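Have a look at the structure below, then the notes.
The values are calculated or read from the model by the stated rules, or taken from the named source; none is laboratory data. In this text the structure is predicted, and so the values were computed from the model without any measurement. Backbone-built Cβ (ideal geometry, glycine too); neighbour counts: all protein chains shown.
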Amino acid sequence: MKRVAPAPYTADLHAHSTCSDGALSPTALVELAARRGVRHLALTDHDTVQGIAEARDVGRRRGVQIIAALELSVWEERELHVLGYYVDPDHPALRENLQDYRTARTRRVHDICERLAELGVHLDAEQVLASAAGNPGRPHIAHLLVKGGHVRSFDEAFQRYLGNGKPACVPSARLSAADGIALIHAAGGVAVLAHPGVEGAEGHLDALVAHGLDGLECSHPAHDAATTRRLRGVAETRGLVATGGSDFHRSERGSAPGSHGVEPVILARLHARRRAA
Ligand SMILES: [Zn+2]
Ligand SMILES: [Zn+2]
């Protein structure tokens, strides 16, 4: 049997499944996390909480505590990602808003394919939708662009076409940052800015804090050690909980579950920030 290197962190607060743009089902994700020694895992699919029940079932059997969470796309002059932890997946307003996102994501795939066509790149939107088990998103499109030989790599697909501000980027945010954070709070959760070191997201921190942001994702595979250290200082100064996670999507690319994360003590700190729902 293949030996699995233990994860440096037993609490990983950022991971995706096939319910959004990850490669593993919630079951396979939790199994992998368990094998790597992760004991607390937040399932943070984009704009959906659909995988939570399945992840919890497996988590119970494998000794992994599943934190009900999501990565919500919101708008604050540009698209930002806000992680919501400890949300009630059955909260009516949350369900209703996420259903809206789902409908919009399908439309967005068509919009992106139209923009690509204007750029001379022809991709069938129906093929993209068929390739996505969960919420269709830019990674599904990027994979097909690589497969079709339009770009050499996944990263090139984002750099040339799909990244924020690139010619075929269509935002998926349906809610303003203020409304998104309020929705997470209403559903009993706490709101954390995801990967603030990526594409200048940190520049919007003043506004987000004014909207009631609870935490800052300091440890993330896209942050180097100096950035992580600096962000922890920012979190401390602003009274935000410093969190972290692997942002795991697939084994072939990026970081493994538990490779970035937090000490379990941070969970208590996050949990304590919950508003009375
Ligand atoms: Zn993100
Ligand atoms: Zn993510």
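If I ask for residues that are within 16 Å of ligand 1 (Cβ to nearest atom) and either more than 15 Å from residue 35 (Cβ to Cβ) or out of contact with any His (no Cβ under 6 Å at 6 or more places or on another chain) (or both), which ones from the stretch 237-256 would you list?
243, 244, 245, 247, 248, 249, 250, 253, 254, 255
When residue 171 is evaluated against the numbered criteria (1) within 16 Å of ligand 1 (Cβ to nearest atom); (2) more than 21 Å from residue 97 (Cα to Cα), which criterion, by number, is the only one it fails?
(2)
What are the residues in the stretch 37-49 that are buried (at least 21 other Cβ atoms within 10 Å of the Cβ) and part of a loop (DSSP other than H, G, I, E, B), if any?
38, 44, 45, 47, 48, 49
Of the numbered conditions (1) among the small types (Gly, Ala, Ser); (2) in a loop (DSSP other than H, G, I, E, B); (3) at pLDDT 95 or above, residue 172 fails exactly one; give the number of that condition.
Every condition holds for residue 172 apart from (3).
Being small (Gly, Ala, Ser), modelled with pLDDT of 95 or more and farther than 26 Å from residue 265 by Cα is the filter here, so list the residues in the stretch 1-53 that pass it.
Within the stretch 1-53, 25, 28 qualify.
On the basis of being under 18 Å from the mean Cα position of the chain (by Cα), buried (at least 19 other Cβ atoms within 10 Å of the Cβ) and either within 16 Å of ligand 2 (Cβ to nearest atom) or over 30 Å from residue 239 (Cα atoms) (or both), does residue 177 make the cut?
no
Does the stretch 61-79 hold any residues that are under 21 Å from residue 268 (Cβ atoms), away from ligand 1 (no atom under 16 Å from the Cβ) and not in a loop (DSSP other than H, G, I, E, B), and which are they?
65, 66, 67, 68, listed by residue number.
Name, by its number, the condition in (1) at pLDDT below 95; (2) of a type in the set (Gly, Ala, Ser); (3) outside the structural domain of residue 209 (by TED's automatic domain parsing) that does not hold for residue 117.
Single failed check for residue 117: (1).
I'd like the residue in the stretch 72-104 that is among the aromatic types (Phe, Trp, Tyr) and touching a Gly at 6+ places or on another chain (Cβ under 6 Å) and, out of all such residues, is nearest to residue 21 (Cα to Cα).
Looking at residues that are among the aromatic types (Phe, Trp, Tyr) and touching a Gly at 6+ places or on another chain (Cβ under 6 Å), I get 85.
For the stretch 83-107, name all the residues that are within 30 Å of residue 149 (Cβ to Cβ) and either in contact with a Lys or Arg (Cβ under 9 Å, 6 or more places away or on another chain) or surrounded by fewer than 19 Cβ atoms within 10 Å (Cβ to Cβ) (or both).
104, 106, 107
All but one of (1) without any contact (Cβ under 8 Å) to a residue 60 or more places away in the chain; (2) assigned to a helix (DSSP H, G or I); (3) surrounded by 15 or more Cβ atoms within 10 Å (Cβ to Cβ) hold for residue 117, so report the exception by its number.
Among (1) without any contact (Cβ under 8 Å) to a residue 60 or more places away in the chain; (2) assigned to a helix (DSSP H, G or I); (3) surrounded by 15 or more Cβ atoms within 10 Å (Cβ to Cβ), the lone unmet condition for residue 117 is (3).
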